[in-house]
Every structure is written in C-alpha cells, then in structure tokens.
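The values are calculated or read from the model by the stated rules, or taken from the named source; none is laboratory data. Given the structure is predicted, the values throughout are model-derived calculations rather than measurements. We place every Cβ from the backbone using ideal geometry, glycine too, and count neighbours over all the protein chains shown. We work out accessible area using only protein heavy atoms, side chains counted, and drop any ligands, DNA or RNA first. Shrake-Rupley method; radii C 1.70, N 1.55, O 1.52, S 1.80 Å.
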Amino acid sequence: MKEELKLELDKIIETSNNNITITDENGIILRSNPQHWTMYGLETGSYIGKSVYDLEKEGILSPSINALVLKEKKIVRILQHTKLGKVIMSTGYPVFNQEGRLIRAISYSQDQTEIVKLQEQYNQLQVKIAGFQTEVEELREKDASKRPILFRSTSMQQIFKTLPRVAGTDATILFLGESGVGKSTYARHIHDLSGRQKEPFIEVNCSTIPETLFESEMFGYEPGSFTGALKAGKQGLIEQAAQGTLFLDEIGELPLNMQVKLLKVLQERKLMRIGGKKELHVNFRLITATNQDLKQMVDEGKFRLDLYYRLNVIPIHIPSLKERKDDITILLKHYLQLLNTKYKLSKKMHPSTYELLIHYEWPGNVREMENLLERLILTIEDDMILPNHLPFYLMKNIKEISNSSWEHVKASIEKLKLKDALEEVELQFLSRAYKQCKTTYEMAEYLGISQPTIIYKLKKYKDKLSF
C-alpha cells in the first residue's frame with residue numbers, strides 16, 4: 001500500500017501543471033518535478049537530496065520559497081526573478097505533524113513571465129486609449145497657434161466652453177489659481193482666439209521686475225531722462241502691446257505706486273513715458289493672473305480696491321492638478337512625448353509609474369510635472385521610467401493607493417491560468433469604461449471596440465461586474 005501511494009504521489013508531482021518542490025524540516029529536497037529547474041536556467045534533472053539553502057547561496061533560488069516557509073512557519077507567496085529574466089510566482093505551505101512540529105515545506109511555482117508582459121502591454125494600451133481619447137477631444141479646441149491644452153476633466157471642459165465666448169471681446173480677464181497651473185498658457189490661448197491674434201502678445205511677470213525699474217520698464221522713457229538711460233529712449237512694455245494683448249502675471253506683486261499708474265492707463269487709455277511731455281494713446285487687451293487672494297489683499301491695504309474692480313471683470317479659476325486628476329495621465333503622456341522629441345530620445349513610462357504619479361498631490365502643478373519629467377528623461381539611463389526612478393520626496397508624499405490598477409495587475413498575475421488573467425484585465429477595462437461613460441456607444445468609443453462587442457462582454461461578465 002505504501003509503495004502504491006508513493007507511485008501515485010510521484011506521478012501527481014510529475015504531471016502537475018505546477019512545479020512542486022517538497023523539502024524536509026532541514027531544507028533537503030525530497031521530491032520535485034524533473035522539469036522544474038529549467039525555469040531557473042538549469043538542465044532538466046533530479047535535485048533530490050540537495051539543500052535549498054545551498055541553492056539559495058549559489059543564486060539559483062532568489063530567494064528560496066521553501067526556506068522562507070521553514071523560517072516563518074506560515075504560508076508565503078513571493079515573486080522570484082531568475083537570472084534569465086523570468087518572473088516566477090511561488091507559493092509555499094508548511095506541514096505540521098500531530099505534535100505541531102514543522103516537518104515539511106511544500107511549494108508550487110509557475111512561470112508568469114508572459115502573463116506579466118501581457119499585463120504591461122494591456123496597461124500601456126490603457127494609457128494610450130486615455131491619451132487618444134483626450135487628443136480627439138482636444139482637436140475641437142486646438143488654438144490657432146497649435147499649442148495643445150490637454151484635458152478631459154469636467155471642470156476644464158466648462159472653462160473651455162467659456163473661453164471662446166470671452167475671447168472675442170475686449171473685457172479684462174483675471175485668471176486665478178495656484179502657481180504652476182499654466183495661467184500664461186490660457187492667456188495666450190485667449191489671445192490666439194481673439195481678433196488681436198496677429199498683433200503682439202506681451203507677457204510681464206510682475207514679481208521679476210525690481211520696483212525701482214518697474215515704471216521705466218512698463219511705461220518707457222524719453223532720451224536722457226535719467227543717468228544710464230539709452231540715448232534713443234525706450235518703448236515701454238505697455239506700448240509694445242499696442243493693438244495686441246498685455247498679460248500681467250503675478251499681478252498681486254504690483255507695487256502700490258504702479259497700481260495707481262496702471263489704473264489711470266486703463267481708465268484713460270493713455271500713458272506718458274518717463275521724461276515725456278505728451279501723452280500717448282494706447283489700445284490693448286489686458287489679461288492678468290495671480291495665485292493670491294486679491295480681495296484679502298484689498299482688506300489688508302496691499303491692493304487698491306478700484307484697480308481690483310477693474311481687473312475682476314471676468315474671473316476664471318484654473319483648478320490645480322489635485323482637483324482634476326482625470327487630466328494627469330494625458331498631461332504626463334503629452335510632456336513625455338514632447339520631451340522625447342526635444343531631446344531625440346524614446347523613454348517610456350511603466351504603468352505602475354503612471355499609477356503612482358496619478359496619486360501624487362502635485363503641489364507645483366503642471367510646471368512641476370514638466371520639470372520632473374525633464375529631469376527623469378535626462379538623468380536615468382534606462383529606457384523605461386520605473387517607480388524606483390522617482391525622487392524620494394515624491395514617493396514620500398504620494399497618497400495611499402486603494403484598489404489601484406497595479407494591485408489588480410498583481411492579483412491577476414497570481415491566477416494559475418492565462419485565460420483567467422485575461423478575463424481579469426477585461427473586467428478592469430469594462431469597469432473603468434462603465435464609470436467614465438454614460439452609454440454603451442461611449443464605452444465602445446472609449447475602449448476602441450464596437451458597440452455590439454460591449455453589449456456581449458457586459459452580458460458575459462454581468463455576474464462579476466460590480467459598479
């Protein structure tokens with residue numbers, strides 16, 4: 001009877017789809033599939049009697065799942081990476097006798113390399129689908145100068161419904177929002193949509209001009225007005241914006257004495273150069289921007305109330321990236337492609353890196369994103385940007401990720417059959433499309449498949465989908 005049981009057990013191990021290894025309490029291999037070791041780059045053969053600790057020291061098992069089970073005395077599941085670049089999913093179980101003493105460790109291993117690659121391809125496809133969808137949407141909104149402003153969030157869609165309506169007027173616009181959200185880009189967009197698009201667009205950052213030079217820079221001066229002045233005099237920035245658009249960024253930094261002068265220009269549409277004797281008529285469209293609370297500055301006496309009312313005709317708040325996470329993926333893709341083209345590179349971003357960056361707070365907004373990607377592209381040697389390439393401060397401040405797509409990928413990797421893994425990925429796609437879209441036609445467009453296929457798959461997975 002014992003001989004028959006031994007033969008049955010040997011046959012089960014030999015014919016199993018999983019690679020099974022059984023060791024005693026000392027880590028000595030008692031049974032193992034003959035083909036098991038080919039996954040680790042070794043010739044087919046018997047390793048009965050070998051110690052898993054010795055194989056671990058030799059780098060053949062990195063690490064040994066059986067050794068971990070013997071050490072921790074509980075079920076252990078790990079991903080092993082072999083010298084051949086394969087990914088092995090291993091699960092180990094402890095076996096205790098009636099007295100509770102650990103006497104065996106049994107492990108099951110399966111080559112998951114192809115499944116991991118497939119998951120990465122699906123995730124890359126998911127990123128591309130999101131990118132292509134937004135790019136199609138943005139073709140309708142693309143400005144005359146071909147500067148793409150990419151978005152898919154509801155808040156940005158509402159803003160881009162407003163911009164064309166106000167662009168055709170000369171009403172003063174005040175862009176509000178955190179530093180780095182791209183207020184200057186939206187100001188340029190307004191200019192390009194307006195009737196002044198062929199005229200100059202003059203951008204002035206009020207925080208970068210010293211107060212002592214502000215008047216001469218803004219209003220210009222006549223020849224010989226002061227020591228060090230140019231002999232021919234100088235045209236001011238307001239004059240340079242004639243017939244076009246003057247964009248004053250960081251308007252909250254404008255000195256109080258300059259606020260008075262700017263208010264007069266806006267009221268009378270006239271200015272006088274330093275040292276000049278006659279007023280010059282000016283015709284320009286004014287757009288301003290700030291990341292400060294101008295109303296609070298008015299209450300604190302730091303900003304003139306009458307100028308505030310002049311500027312606050314059409315206030316438009318640009319939401320920060322943390323307020324429009326739907327836009328992060330397409331912006332990452334856009335800047336990655338832009339910087340690759342600029343530096344003649346072909347860097348790619350791993351799906352798990354995308355997932356982490358989506359959950360980052362982005363205190364510096366779009367400007368921080370562009371700077372981070374430029375740093376990564378220029379400093380890392382690998383063609384693939386992985387999570388470990390991200391700076392420590394960023395990883396430290398990423399909010400907790402719950403039910404992320406990366407956790408779904410890990411879960412699907414643990415499936416024992418390729419069919420199950422593929423179904424898991426399809427469920428992820430369908431679930432996300434269902435949440436993003438209102439109709440099956442929109443779902444079909446979102447996923448790039450036909451509407452009848454969407455109907456079929458919804459029926460197929462009706463018992464597994466949870467929305």
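Taking the options Glu239, Glu199, name whichever one is part of a loop (DSSP other than H, G, I, E, B) and either in contact with a Ser or Thr (Cβ under 7 Å, 6 or more places away or on another chain) or at pLDDT 90 or above (or both). Give the derivation first.
Working: Glu239 fails: part of a loop (DSSP other than H, G, I, E, B).
Criteria check complete, one pass: Glu199.
Taking segment 402-438, which residues are modelled with pLDDT of 55 or more, open to solvent by 60 Å² or more (accessible area, probe 1.4 Å) and assigned to a loop (DSSP other than H, G, I, E, B)? First the steps, then the outcome.
Taking segment 402-438 first, the residues modelled with pLDDT of 55 or more are 419, 422-438.
Pick out the ones that are also open to solvent by 60 Å² or more (accessible area, probe 1.4 Å) and you get 419, 432, 434-436, 438.
Result: Lys438, single match.
If you take the residues of segment 81-110 that are over 20 Å from Val69 (Cβ atoms) and not hydrophobic (A, V, I, L, M, F, W, C), which of them is modelled with the highest pLDDT?
The residue in question is Lys86.
When the residues of segment 311-335 are filtered to those that are of a type in the set (A, V, I, L, M, F, W, C) and surrounded by fewer than 20 Cβ atoms within 10 Å (Cβ to Cβ), which remaining residue is nearest to Arg152 (Cα to Cα)? Reasoning before the result, please.
So in segment 311-335, the residues of a type in the set (A, V, I, L, M, F, W, C) come out as 311, 313-314, 316, 318, 321, 328, 330-332.
Filter once more, so that each one left must be surrounded by fewer than 20 Cβ atoms within 10 Å (Cβ to Cβ): 313-314, 316.
Values: Val313: 27, Ile314: 23, Ile316: 18 Å.
Filtering first and then ranking leaves Ile316.
For segment 258-286, which residues satisfy the criterion of being open to solvent by less than 80 Å² (accessible area, probe 1.4 Å) and either in a helix (DSSP H, G or I) or farther than 22 Å from Glu199 by Cβ (or both)?
Correct list: Met258, Gln259, Val260, Lys261, Leu262, Leu263, Val265, Leu266, Ile274, Gly275, Gly276.
At pLDDT below 90, over 16 Å from Gln240 (Cα atoms) and either surrounded by 17 or more Cβ atoms within 10 Å (Cβ to Cβ) or among the polar types (S, T, N, Q) (or both), is that true of Gly177?
Values: at pLDDT below 90: no; over 16 Å from Gln240 (Cα atoms): yes; either surrounded by 17 or more Cβ atoms within 10 Å (Cβ to Cβ) or among the polar types (S, T, N, Q) (or both): yes.
Against the criterion (at pLDDT below 90, over 16 Å from Gln240 (Cα atoms) and either surrounded by 17 or more Cβ atoms within 10 Å (Cβ to Cβ) or among the polar types (S, T, N, Q) (or both)), Gly177 does not qualify.
Farther than 23 Å from Phe201 by Cβ, open to solvent by 40 Å² or more (accessible area, probe 1.4 Å) and in a loop (DSSP other than H, G, I, E, B): does that describe Lys295? First the steps, then the outcome.
Values: farther than 23 Å from Phe201 by Cβ: yes; open to solvent by 40 Å² or more (accessible area, probe 1.4 Å): yes; in a loop (DSSP other than H, G, I, E, B): no.
No, not satisfied.
Only one residue in Thr329, Thr379, Thr353 is hydroxyl-bearing (Ser, Thr, Tyr) and in contact with a strand residue (DSSP E or B) (Cβ under 8 Å, 6 or more places away or on another chain). Which one? Give the derivation first.
Working: Thr329 fails: in contact with a strand residue (DSSP E or B) (Cβ under 8 Å, 6 or more places away or on another chain); Thr379 fails: in contact with a strand residue (DSSP E or B) (Cβ under 8 Å, 6 or more places away or on another chain).
The unique qualifying residue is Thr353.
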